[in-house]
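Below: one structure, written as structure tokens.
The values are calculated or read from the model by the stated rules, or taken from the named source; none is laboratory data. What you are looking at is a predicted structure, and each value in this text was computed from that prediction instead of being measured. Note that we place each Cβ from the backbone using ideal geometry, even for glycine, and neighbour counts take in every protein chain shown.
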Amino acid sequence: MSTEVKVPVLGESITEATLGQWLKKPGEAVAADEPIASLETDKVAIEVPSPVAGVMGAYVVEEGATVNVGAVIASIEAGSGTPAAAPAPAVAAAAPQPVTTAPAPAPVAAPAENSDLPLSPAVRRLVLELGIDPSKIKGTGKDGRLTKEDVVAAAKGTPAAAPAPAATVAAPAVAGRQEERVRMTRLRQTVAKRLKSAQETAALLTTFNDCDMSEVIAAREKYKELFEKKHGVKLGFMSFFTKAVALAVHDIPAVNAQIDGDEIVYHNYLDVSVAVSAPNGLVVPVVRNADKLSFADIEKTIGDFGARAKAGTLTMEDMAGGTFTISNGGVFGGLMSTPIINPPQSAVLGLHRIEDRPVVRNGEIVIRPMMYLALSYDHRLIDGREAVTALKTIKEAIEDPTRLLIDL
Amino acid sequence: MAEQDYDLIVIGAGPGGYVAAIRAAQLGLKTACVESRETLGGTCLNVGCIPSKAMLHASEMYHEAHSGALAKFGIDFKSVGLNLDQMQAEKTKAVGELTGGIEFLFKKNKVDWLKGHAAFTSANSIDVVGKSYTAKNIVIATGSSVTPLPGVEIDQKVIVDSTGALALPKVPKHMVVIGGGVIGLELGSVWLRLGAEVTVVEYLDQILPGMDGEVRKESAKIFKKQGFNIRTGTKVTGATVKGGKATLTVEPAAGGASETIEADCVLVAIGRKPNTDGLALDKAGLTVNNRGQIDIGHDFQTNVPGIYAVGDVVPGPMLAHKAEDEGLAAADFIAGGTGIVNHDVIPGVVYTYPEIASVGLTEEQAKERGEVKVGKFAMMANSRAKTNRDTDGFVKVVADAKTDRVLGVHIIASIAGSMIAEAAVAMEFGATSEDIAYTCHAHPTHAEALKEAAMAVTGKPIHM
């Protein structure tokens, strides 16, 4: 039995790549998720992991060939093959040998010795400067020593970087407690990289508002069946919000703009990236010309994206571009969030759960279905007044959908 | 509070001071440095480390050629002459280039040079030749000067200090060096190589006080072999100068009959003392300890906030590189950062032939703290030393018996001064002797001897 290896889909605007180098030879054993080839794109060099454990089969393309996303590049045959030169860490971690005979090896980095652990000069200076107790940090260096990286990571509150495989093997010693190490998928790595770069590049901040969903819910109730009968798709909230965003970016173009070097690029169209949950993680297909589309077209497009995300058939083209993002954390019950923009875009609208809450209307406390709205934006480009006004426009359009018709 | 003239004024432009000034300027502080000498660089560059190395290097080359030591390599000289004036001129040239280099660095980094002596007028103001300057911070880096010996007055003609000994107009017939420490042995070596008879008089029972016992013994043997007269356990009680000759009165340190030694040059090298005279420390609220030093905290700050001190004027070994590192660290603290100096790992080098270098604890000091394991390797068994015919010396690694952590390294070898850097790096990283033993060393190099000595700590060296 053989399994095809395809050029993976990435959450980035990459449609083709060059096969840079084969990392495995035909006949060589491969572990699941072990890289078998490296691809070079115009943005990054990436590795293609094997989808299964087995034996490297024949190459379908040669080194240097241009391959499209989804193209088959090789096959993995069932079996064990010749042992690879360097076993993947995942294999070592998965098979802790029970110690039966022979004295147990010396424990790695006994914590008791930590206080006396030798610190290198850079580490010594850093713990002094940051006021960190070095004995409280787990070292990943030789013999469990603290590296500068460990201290930097500890200062940020994140766990230290990849410990040596030996430590991984030692971990499951206590029954029932186990760590599982899974290779980050390329998609996850790309998402990680992009989100972090957005935080590092943009001057991110978030403005909040709340909105009364009564009118939209009422409209939806009223026309649900009719809408579905005529258009073959359910009337959801996304179409209302998409149109409300169209209204807002028309008034405040900066929200739909982006920074390119020293220039600001304004768009006279609205391409909305819609965050859609897929089995491998979040993907963000783009509803193009959303400002020109009808409610039905928006709902159809989003419905189609959702189905294809589940099936894994979204194309790179579906995800390329986008001038603004809507992220609906409400479907998972989120009360409030500060979404991160999807670079090079400058703003993202976060939707949240709808909840009956007491609000004051005309001097009386009444129960209304309320939702918190969040608009994260790049302050380098968008002023606070603009962001707040844009969000207020969205709120007002949702609270009174008639505004959508008369462009208010 | 009124605006200060400077963020930082450094007093003294030696290795501690000039480095502190440049670092502070690099960190964005408005900085000035006070120096009364006509050139920057302090004792080290003008009359210490640098000119002595110039003379050591030149005299060694002369000695090799003149003594016939090169004949075995097939290098024959018809005649070898000494042009002492030229040797001195080349030394002066090197010193000029280096001190000029610091002046350039000051300009490049926009450090103002305030020429003259500094005296405190308050905790944040000083006077330099009648002009007052204020600063938010002040670093005292005034260094040290030769400790005088009662009864032996330095005239810089017959009785000289290290400064005078670097600039003798002719090779003395008999030079007596009072003090068997680093400076005495280095300068004694210079004139021994150039043809003088050299007698070293040391009060203690061994030369090189403070160094590892085995090193002291072995180096005394080597120096005697080279022609040094070494008289340990002897004290000098007085000196008279008449007609260009000195007569020294000496007696056994333990007491006994005195005798006299004739010499046409006497070098007083019994140590150095911190320079604080004329600083008017009291105006700033500062005092010195019973050794004349200025006490400081971990951040090099004195008991007066905003006043720092580094180098020879504070406790610790009087070494240029120790002062430099302290200068860097003090500047870092002043600029709001964190400086670091590990006083446990400061290498020391005696630039004789062979060189003697050490870092960390001596075997004796280490034994006082707990059980140790020692690994030794003779340069005689090192292939490169053997090939170069410079087999004097050994490498000794002192490690903790339990943890195997390296506590000290002591080297006598032709290039020990360069070899010790590796030991210092290893110790800064808390290396064990095994770490050094498992580190690949290039062959054939003198440095392999350190690897073999490390191997000897827990096992056996290969080549011995």
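Within the range B:181-209, the set of residues being among the small types (G, A, S) and surrounded by fewer than 24 Cβ atoms within 10 Å (Cβ to Cβ) comprises B:G181, B:G195, B:A196.
Among the residues of the range A:189-209, those identified as in contact (Cβ under 8 Å) with a residue 40 or more places away in the chain, out of contact with any Pro (no Cβ under 8 Å at 6 or more places or on another chain) and not in a strand (DSSP E or B) are A:T190, A:V191, A:L195, A:Q199, A:A203. Taking every residue in the range B:244-257 that is closer than 23 Å to B:L168 by Cα and pairing it with any residue that is among the aliphatic types (A, V, I, L, M) and assigned to a loop (DSSP other than H, G, I, E, B), at least 6 positions away or on another chain, the pairs with Cβ-Cβ distances below 6 Å are B:A246/B:V158. Of all residues assigned to the range B:93-101, at least one qualifies as being among the acidic types (D, E), part of a helix (DSSP H, G or I) and either over 22 Å from the mean Cα position of the chain (by Cα) or at negative phi (or both). Restricting attention to the range B:419-441, the residues being in contact (Cβ under 8 Å) with a residue 24 or more places away in the chain and either among the β-branched types (V, I, T) or under 29 Å from B:A220 (Cα atoms) (or both) number 10. Number of residues in the range B:263-316 that are at positive phi and touching a residue at least 24 places away in the same chain (Cβ under 8 Å): the value is 8.
If you go through the range B:442-464 and keep only what is free of Cβ contacts under 8 Å to residues at least 40 places away in the same chain and either within 14 Å of chain A (Cβ to nearest Cβ) or not in a helix (DSSP H, G or I) (or both), you end up with B:A442, B:A447, B:G459, B:K460, B:I462.
Of all residues in the range B:207-240, those that are under 20 Å from the mean Cα position of the chain (by Cα), in a loop (DSSP other than H, G, I, E, B), modelled with pLDDT of 95 or more and not hydrophobic (A, V, I, L, M, F, W, C) total 1. Determine which single condition A:I398 fails, assuming it passes every other condition in (1) surrounded by fewer than 19 Cβ atoms within 10 Å (Cβ to Cβ); (2) touching a residue at least 40 places away in the same chain (Cβ under 8 Å); (3) over 23 Å from the mean Cα position of the chain (by Cα). Failing condition for A:I398: (1). Of the residues making up the range A:157-187, those that are assigned to a loop (DSSP other than H, G, I, E, B), modelled with pLDDT under 70 and within 30 Å of A:V48 (Cα to Cα) are A:T158, A:P159, A:A160, A:A161, A:A162, A:P163, A:A164, A:T185. Kindly indicate whether any position in the range A:72-89 is modelled with pLDDT under 80, part of a strand (DSSP E or B) and among the acidic types (D, E). No: the range A:72-89 contains no residue that is modelled with pLDDT under 80, part of a strand (DSSP E or B) and among the acidic types (D, E). What is the number of the single condition among (1) surrounded by 19 or more Cβ atoms within 10 Å (Cβ to Cβ); (2) without any contact (Cβ under 8 Å) to a residue 12 or more places away in the chain that B:I334 does not meet? (2) is the only condition that B:I334 fails.
Residues that are within 14 Å of another protein chain (Cβ to nearest Cβ), modelled with pLDDT of 80 or more and in a loop (DSSP other than H, G, I, E, B): does the range A:104-111 have at least one? Looking through the range A:104-111, none of the residues is within 14 Å of another protein chain (Cβ to nearest Cβ), modelled with pLDDT of 80 or more and in a loop (DSSP other than H, G, I, E, B).
In the range A:117-156, the residue that is nearest to the other protein chains (Cβ to nearest Cβ) out of those that are surrounded by fewer than 20 Cβ atoms within 10 Å (Cβ to Cβ), of a type in the set (S, T, N, Q) and in a loop (DSSP other than H, G, I, E, B) is A:S120. Taking the criterion of being within 14 Å of another protein chain (Cβ to nearest Cβ) and either of a type in the set (A, V, I, L, M, F, W, C) or under 25 Å from the mean Cα position of the chain (by Cα) (or both), the residues of the range B:380-424 that qualify are B:A399, B:V406, B:L407, B:A421, B:A424. Checked against the criteria, B:G316 counts as farther than 23 Å from B:P51 by Cβ, in contact with a helix residue (DSSP H, G or I) (Cβ under 7 Å, 6 or more places away or on another chain) and away from chain A (no Cβ under 14 Å). Looking at the range A:249-368, the strands (runs of 3 or more DSSP E) lying wholly inside it that each contain 3 or more residues that are surrounded by fewer than 20 Cβ atoms within 10 Å (Cβ to Cβ) and in contact with a strand residue (DSSP E or B) (Cβ under 9 Å, 6 or more places away or on another chain) sit at A:355-361. Answer yes or no: is there a residue in the range B:358-379 that is more than 16 Å from the chain's Cα centre (by Cα) and closer than 23 Å to B:H63 by Cβ. Checking the range B:358-379: at least one residue is more than 16 Å from the chain's Cα centre (by Cα) and closer than 23 Å to B:H63 by Cβ.
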